[in-house]
Amino acid sequence: MGTKKKKQFRNPFFSRELSWLDFNQRVLEEAADLSVPLLERLKFLAITSSNLDEFFMVRVGGLQFLKAQGNTSRDAAGLTPTQQLEKISQRVRQMVQDQYTCFQQDLAPALHQARIRRIMPHDLNNEQLAFIENAFSELIYPVSTPVAIQPGEPFPHLKARNLHLLITLKEENNQAEGSPRRAILSLSNSLVRFMTLPSRDGHAYIHLEDILAAYSDRYFPNEQIAEICAFRITRNADMQIQEDEAPDLLSGMEGILEERRTSPCVRLEIDHRASAESTEYLQQALDVDTRFLLRIPGPLDVSSYMSIATMSGFEEIKATAWIPQLAPALRPPESMFDVISQGDLLLNHPFDSFEPVVRLIEEAAEDNGVLAIKQILYRTSSRSPIVAALKRAARKGKQVTVIVELKARFDEARNIEWARELESAGVQVIYGIRGFKTHAKVCIIIRREPTGIRRYVHFGTGNYNESTARLYTDISYMTCDEDYGADAATFFNTITGYGQSVRFRKIDAAPVSLRDRLLECIESEIERSQQGQKGHIMAKFNSLVDPLLIKALYRASQAGVKVELNVRGICCLKPGVEGLSDRISVISIVDQFLEHSRIMYFRHGGAPLYFISSADWMPRNLDRRIELLVPVEDPAAQARLRHILRTCMKDTVKGRQLDHKGIYHSRPRATKSRQIRSQQVFCTEAIEKVKELEDEQRNLFRPHLPVHEDPT
């Protein structure tokens, strides 16, 4: 009897690049959703524009580099770099059309009706005209400088992602001889894009480029202007430092930042009203691929509308603010060391405040018992209280060691500045790890206590950034368990001290064992399912790209394991394919907060395993980054993680389900009373939990006891 042939599936992976664009389309759908408050919709539209900027800078820039090298290798979806660029071009053109249809036909009229009005120069009243005249003379004209384009001379250097005006002058004596005379007028970074105008009704504003165009004759006296057109460029930012060749990482990264300023142009956006001559001139001067020359049917760079979306006032057209909650036990004067000593603490940000994490480090800086602090900083805020606390700790004589990842893309300049400030305060700073990005989120505090030395550890799925912690969903796990402390210390010492890979008691780290641990957990579910047990996997992360893990999930589905995935962004796995992924479902949630937490659950024969992680399931995270996978063993914390996963999987309001063709569908909504919006559920639960604890405290009588001085 012959053996049954294994069914083969052609192209079992979606394209990574197109999957990312699908994610951005889901963000755009929120901007078009009439049930979303108006300024929240404008915010989502601005995000789609900012996202596209980064996509071109990194992904398109990288693909164009491969194409220029003649690289014809295929990605997991079977596409060469040239084929990927072609498909991206088609998809982006449609997305830009959708963006401006949403803005011009929907959002702009709705904003006008809500008394947020863009005023054109010819519509200025006398008061506004006087205001603009003064603003131009005092603020704009002194800092804006036109640059003449001389025939035969190099084209002027232009800053990426800034708005520029190409000004064409009429030929003298109306004779069109030779090349037209042209100049570039760039919008200064020191000026706001939208200038607020005097108004007795609502908010009136004018675009800076409209002011410059209206007053352009002031820059070219005795000249006639033939044409003014706005344009914007995006440069390739996908460049890596050659660490073995750089004299040191810090100076090498500064070189990368300088290189980005003059790197090739990967996209040209130009006002759709620009003449064919001006468009062709800029395309040739900037050497832009025709596929990525985009004629924009509206104001360029709608990402700048974030300033309108977040301005003060107009609360009636903003989303309801969900305020992070702080449980009474976590409020001063309670010590974070006392709280963690009583049991492991798991927080679900931003529904739970990030303040306890900040306060733990601030307390460590001041606590006389703290001997040392070790921490990894990948991205931080511009005025980071955590960095300030680390500097204070060093100045107080504590041993403070910080890995500052200088290769954190687009945060390199800030991290270089922080690294220098920390060093000047006496902190031992390590500029990342050679050959890898250090993306793990961990802080270790070594404290001397009456019972001996104890290590307090914070593991996270997100950055040590109190600003983004109010905007992203993430998990914090704080513990003083000896095994976690030993693992964290071993991990830190291994990556900073030329250490070899080691086996940890509980955690796993990339690039050494993280993928292997995940594969081991998946294979365990497969084996148990084949033995007749129930197999179940739930996982939540930002991106699913890694072919080995995707194939393992396919095998799990074929073995009868139920696989539920919540993937915010890129998903290369094809769910619901008969015989391949019948038992795999994938949802994506796009809501008020950016989904960012990474949580995994494996049924494990009824003795479930729970993990949090800094890593997405992508080759870059698992092979080229330092990441952590942390098991969560505390029963209460496990119960909370399971609740988070299950609630997200049931989201019928903001959850969209992926089908085997790569299309995301809104999920069928039940009656309003039975609808589930996961972020709203977590917000409501956090508020109710705090209220419940406050009520308990009000009924608890605690006497003031005398404080006796220590006789020693």
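Using R0 = 41 Å, the C-beta based FRET efficiency linking ILE663 and ARG291 works out to 0.95. Per-residue extension of 0.36 nm, minus the Cα-Cα distance of THR101 and PHE410, leaves a gain of 108.2 nm for this segment.
Which of the three applies to the chain, rounded, prolate or oblate, going by the alpha-carbon gyration tensor with a ≥ b ≥ c and a/c under 1.5 meaning rounded?
On the way: a/c = 1.68, a/b = 1.42, b/c = 1.18.
It comes out prolate by the Cα gyration axes.
Under the simplified labelling scheme, the ALA68-ASP338 pair shows an inter-label distance of 6.1 nm, with each label point 7 Å from Cα along Cα→Cβ. Applying 1/(1 + (r/R0)^6) with r as the Cβ-Cβ distance of GLU227 and GLU688 and R0 = 56 angstrom yields a FRET efficiency of 0.35.
Restricting to bridges with both residues inside segment 401-457, how much of the DSSP beta-bridge set is antiparallel, in percent to the nearest 5? Walk me through the numbers on the way to the answer.
Details: 7 of 10 bridges.
That works out to approximately 70 percent antiparallel.
Extension gain, MET311 to THR451: 0.36 nm times the residue separation minus the Cα-Cα distance gives 45.1 nm.
For the pair segment 640-695 / segment 20-71, the C-alpha centres are spaced 25 Å from each other. Can you list the residues of segment 637-654 with backbone N under 17 Å from a point 7 Å past the Cα of THR320, pointing along Cα to Cβ? Residues 652-654 fall inside that zone. Neighbour counts of other Cβ atoms within 10 Å put GLU412, GLU366 in the fewest-to-most order GLU366, GLU412. Note on ASN162 and ASP33: the model spin-label points, each 7 Å out from Cα along the C-beta direction, lie 3.7 nm apart.
Divide by every residue of the chain the summed helix terms, -39500 (n - 2.57) for each DSSP H run of at least 4, and state the resulting mean residue ellipticity at 222 nm, rounded to the nearest 500 deg cm²/dmol. Calculated at 222 nm, the ellipticity per residue is -10500 deg cm²/dmol.
Can you sort THR320, THR290 so the residue with the fewest Cβ neighbours within 10 Å comes first?
Values: THR320 11, THR290 8.
Least crowded to most crowded, the residues run THR290, THR320.
Restricting attention to the chain, close to 70% of DSSP beta bridges with both partner residues there are antiparallel. Sequence neighbours fewer than 8 away in the same chain don't count; with that in mind, list the lysines whose C-alpha is under 18 Å from LYS654. Qualifying lysines at Cα under 18 Å: LYS43, LYS318, LYS540, LYS672.
First check a/c for segment 328-505, with a ≥ b ≥ c the square roots of the eigenvalues of its C-alpha gyration tensor; if it is under 1.5, answer rounded, and if not, answer prolate when a/b is larger than b/c or oblate otherwise. Spell out each step's value before the answer.
On the way: a/c = 1.33, a/b = 1.16, b/c = 1.14.
Because its axes are fairly even, with a/c under 1.5, segment 328-505 counts as rounded.
Stretching the chain fully between THR145 and ALA607 yields a gain of 159.5 nm (0.36 nm per residue, less the alpha carbon separation). Under 13 Å of direct C-alpha separation, and excluding same-chain neighbours fewer than eight residues apart, LYS689 reaches these aspartates and glutamates: ASP352. Segment 473-489 and segment 372-426 have Cα centres separated by 20 Å.
Scoring 111-118, 210-217, 343-350 by mean Cβ neighbours within 10 Å over their residues and listing the highest first yields 343-350, 210-217, 111-118. Quick check: from the Cα gyration tensor, does segment 312-397 come out rounded (a/c under 1.5), prolate or oblate? Oblate.
Between GLU138 and ASP201, how high is the FRET efficiency from 1/(1 + (r/R0)^6) when r is the Cβ-Cβ distance and R₀ = 30 Å? Nearest 0.05. Please report the intermediate quantities before stating the final value.
Details: r = 26 Å, r/R0 = 0.87.
Once rounded, the FRET efficiency stands at 0.70.
Here the label points at VAL192 and THR647, each 7 Å from Cα along the C-beta direction, are separated by 3.7 nm in the simple model.
Give the cross-link partners of LYS67 among the lysines, using a straight C-alpha distance below 25 Å as the criterion and excluding same-chain residues fewer than 8 apart. Excluding near neighbours in sequence, the set is LYS87, LYS159, LYS407. DSSP finds beta bridges in segment 402-521, and of those with both partners inside it, around 85 percent are antiparallel.
Read-outs throughout are calculated quantities, based only on the coordinates presented, and are distinct from any laboratory measurement. Source: prediction; values computed, not measured. Glycine gets a Cβ as well: all are built from the backbone with ideal geometry, and neighbour counts include every protein chain shown.
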